[in-house]
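First the structure, in the form of C-alpha cells, and then the observations on it.
The values are calculated or read from the model by the stated rules, or taken from the named source; none is laboratory data. Nothing here was measured: the structure is a model prediction, and the numbers come from that model. Note: ideal-geometry Cβ built from the backbone for every residue, glycine included; neighbour counts use all protein chains shown. Please note that ligands, DNA and RNA were not included when accessible areas were found on the heavy atoms of the full protein model with its side chains. Shrake-Rupley method; radii C 1.70, N 1.55, O 1.52, S 1.80 Å.
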Amino acid sequence: MTQTFPSTMFGVQLMGHGGLDKLVYKHDIPTPQLGDDDVLVKVGAAGVNNTDINTRIGWYSKSVTSGTDTGASDGFNDLNEDDASWAGEPIPFPRIQGADVAGVIVAAGKNVDANRIGERVLLCAMQPDPDTPYQCATQGSETDGGFAEFTKVNSRNAFAINTSLSDAELASFPCAYSTAENLLDRANVQAGEVVLVTGASGGVGSAAVQLIKRRGAKVIAICGKEKEARLQALGVDTTVPRGQSLVSTLGEMSVDVVIDLVAGPQFPELLAVLKRGGRYAVSGAIGGPIVELDVRTLYLKDLSFFGGTYQAPHVFKNLVKYIENGELTPLVAKTYPLEDIQQAQTDFLAKGFVGKLVLIP
C-alpha cells in the first residue's frame, strides 16, 4: 500500500442469515488488507439491491421455494445455509454486503500502477473469473462489498469513469444495469423487436427499459398502475398493469423477447405471448422460483431460454461507455445514510418507488 490508513473503519456487517436485525452498523471493522493486484476504494455511495435481500435471508438456497417477500423481513425458518449464496456455497459471516459501488481509489497493491490512485471508479458487481467460463464472484456476497467506508477489489474490476454524475447516481448503475445489459446481450435484442419486461419499475427493470430503447426496440412494461407514467417517461411503448392477463391484453405470439425478473405464477403466460423462435431471458424470481412449464410450449414454438448471472467482460465495459456518453439516465429514488440501512431495505421491500435506493457512507 502506498499510504497509511486507520486499522479499522465503519460499515455494516451481515452477521448471519435472517431478519433486518442481522444488519449491524459498526465502527471497528478491520480495514481491508490489499493483495498485490488489489485496489482500496473509498466508497462514495452504494446502491441497494434484491441481491442484498436475497443473500441476507438465504433465498438462494434450494430449500426455499417461495418468493422473496415471504421472508424478506424475518428470514426463513427452514433455511439450509449450506447453499444459501449465488455460488451455492455457505457464506462466511460476518459479511459486508453491497454490490453497487462508486468511489475513488485511495491505495493500490504492488502490481497495480500507482497512477491509478485518485481515479474515480465504478466497480463491476458480477466479477467474472478470467480463467473459468461462466464462473463469477459477486461483490458483497462471495467477497466483501460497499456497505462500508472502504472496500477492496481486484484492480481489473475497478473501472475508471469520466462523468459529471454524482456518486449516488453512479451507484445506481452497476448491478441493475449490467444485469439488464447482460440479459439483452444474451438474448441478442435487435432494433425493431418487441420486448416484454416484467417488474419494469424496479432497478433492473427500469434499467432494461432504457437499454432496450437504446437498441431501438419496443418495450412493453409490466408494472403497477401508479408507476405507469414514470415508465412512459423513460420511453415505454405499452404498459400492462401487474396481475392483468397477458394473453388477453397482448394476444398470443405477440412479442419477440421476454426479459423476466419476477417468474412466479404468470410464467406460463410469458411463454404464451412469445412468438415462434422467441427468446426468454431471466435474472430474477421475486414472484416465486418454482414455476409451471409445459415443455411442449418450449419445443413446439422453438423457444430459447437464457439464464443471466455470469457476465462476459465486454458487458460492463460497454455499460461504462454508455454512461460516459450520456446515453443513460440515473434513476435515484432516495438516498440514506449508511447507518439507516434497515430503513432503506424496509422501503426497498415496499416497492413504492421507481429506480434505485442508495446508501451514502
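Within segment 35-58, the residues that satisfy the criterion of being surrounded by fewer than 21 Cβ atoms within 10 Å (Cβ to Cβ) and assigned to a loop (DSSP other than H, G, I, E, B) are GLY35, ASP36, ASP37. Scanning segment 175-206 for residues that are surrounded by 24 or more Cβ atoms within 10 Å (Cβ to Cβ) and without any contact (Cβ under 8 Å) to a residue 60 or more places away in the chain yields a count of 2. If you scan segment 207-224, which residues turn out to be closer than 16 Å to GLY355 by Cβ and open to solvent by 10 Å² or more (accessible area, probe 1.4 Å)? Of everything in segment 207-224, those that are closer than 16 Å to GLY355 by Cβ and open to solvent by 10 Å² or more (accessible area, probe 1.4 Å) turn out to be GLN210, LYS213.
Among the residues in segment 333-341, are any over 20 Å from LEU231 (Cα atoms), part of a helix (DSSP H, G or I), touching a Phe, Trp or Tyr at 6+ places or on another chain (Cβ under 6 Å) and modelled with pLDDT of 95 or more?
Narrowing segment 333-341 to residues over 20 Å from LEU231 (Cα atoms): 335-341.
Keeping just the survivors that are part of a helix (DSSP H, G or I) gives 338-341.
Filter again for touching a Phe, Trp or Tyr at 6+ places or on another chain (Cβ under 6 Å), leaving 339.
Still in the list and also modelled with pLDDT of 95 or more: 339.
Checking segment 333-341: at least one residue is over 20 Å from LEU231 (Cα atoms), part of a helix (DSSP H, G or I), touching a Phe, Trp or Tyr at 6+ places or on another chain (Cβ under 6 Å) and modelled with pLDDT of 95 or more.
Of the residues making up segment 144-165, those that are open to solvent by 50 Å² or more (accessible area, probe 1.4 Å) and either within 20 Å of PHE5 (Cβ to Cβ) or in a loop (DSSP other than H, G, I, E, B) (or both) are ASP144, LYS152, ASN162, SER164.
Is at least one residue of segment 40-53 free of Cβ contacts under 8 Å to residues at least 60 places away in the same chain and farther than 22 Å from LYS356 by Cα? Write out each step before concluding.
The initial filter retains those residues of segment 40-53 that are free of Cβ contacts under 8 Å to residues at least 60 places away in the same chain, namely none.
Among the residues of segment 40-53, not one is free of Cβ contacts under 8 Å to residues at least 60 places away in the same chain and farther than 22 Å from LYS356 by Cα, which makes the answer no.
Say we look at segment 275-286 and pick out the residues that are touching a strand residue (DSSP E or B) at 6+ places or on another chain (Cβ under 9 Å) and in a strand (DSSP E or B); which of these is surrounded by the fewest Cβ atoms within 10 Å (Cβ to Cβ)? Only one residue fits best here, namely GLY277. The residue that is farthest from the chain's Cα centre (by Cα), among those in segment 294-326 that are open to solvent by 70 Å² or more (accessible area, probe 1.4 Å) and hydrophobic (A, V, I, L, M, F, W, C), is LEU300. Inspection of segment 120-128 finds no residue satisfying the criterion of being more than 20 Å from ASP167 (Cβ to Cβ) and more than 21 Å from the chain's Cα centre (by Cα). Inside segment 1-53, residues that are basic (Lys, Arg) and touching a Leu at 6+ places or on another chain (Cβ under 9 Å) make up a count of 1. Just to be sure before I move on: is GLY75 open to solvent by less than 10 Å² (accessible area, probe 1.4 Å), farther than 24 Å from PHE267 by Cβ and either among the acidic types (Asp, Glu) or part of a loop (DSSP other than H, G, I, E, B) (or both) in the structure I sent? For GLY75, the condition - open to solvent by less than 10 Å² (accessible area, probe 1.4 Å), farther than 24 Å from PHE267 by Cβ and either among the acidic types (Asp, Glu) or part of a loop (DSSP other than H, G, I, E, B) (or both) - is not met.
Taking first residues from segment 142-159 that are farther than 20 Å from THR55 by Cα and at pLDDT 95 or above and partners that are in a strand (DSSP E or B) and open to solvent by 30 Å² or more (accessible area, probe 1.4 Å), the Cβ contacts under 8 Å between residues at least 6 apart in sequence or on separate chains come to GLU149/PHE10; GLU149/LYS42; PHE150/LYS42.
Within segment 110-136, residues that are over 26 Å from PHE306 (Cα atoms) sit with their Cβ atoms under 6 Å from residues that are acidic (Asp, Glu), at 6+ positions apart or across chains, in these pairs: LYS110/ASP36; ASN111/ASP36; ASN111/ASP37.
Condition check ((1) surrounded by fewer than 18 Cβ atoms within 10 Å (Cβ to Cβ); (2) under 23 Å from VAL189 (Cα atoms); (3) hydrophobic (A, V, I, L, M, F, W, C)) across all residues:
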{"site": "GLU226", "(1), (2), (3)": "yes, no, no"}
{"site": "ALA229", "(1), (2), (3)": "yes, no, yes"}
{"site": "GLN232", "(1), (2), (3)": "yes, yes, no"}
{"site": "VAL247", "(1), (2), (3)": "yes, yes, yes"}
{"site": "VAL258", "(1), (2), (3)": "no, yes, yes"}
{"site": "LEU261", "(1), (2), (3)": "no, yes, yes"}
{"site": "GLN266", "(1), (2), (3)": "no, yes, no"}
{"site": "GLY288", "(1), (2), (3)": "no, no, no"}
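Can you name the number of the only condition in (1) more than 30 Å from ALA158 (Cβ to Cβ); (2) outside any loop (DSSP other than H, G, I, E, B) that LEU319 fails? Single failed check for LEU319: (1).
Working only within segment 7-32, note down all residues that are farther than 22 Å from ARG56 by Cα and open to solvent by 80 Å² or more (accessible area, probe 1.4 Å). Residue satisfying the conditions is SER7 alone.
Considering only residues in segment 90-141 that are open to solvent by 30 Å² or more (accessible area, probe 1.4 Å) and at positive phi, the one that is modelled with the lowest pLDDT turns out to be TYR134. The set of residues in segment 304-316 being part of a loop (DSSP other than H, G, I, E, B) and among the hydroxyl-bearing types (Ser, Thr, Tyr) consists of THR309, TYR310.
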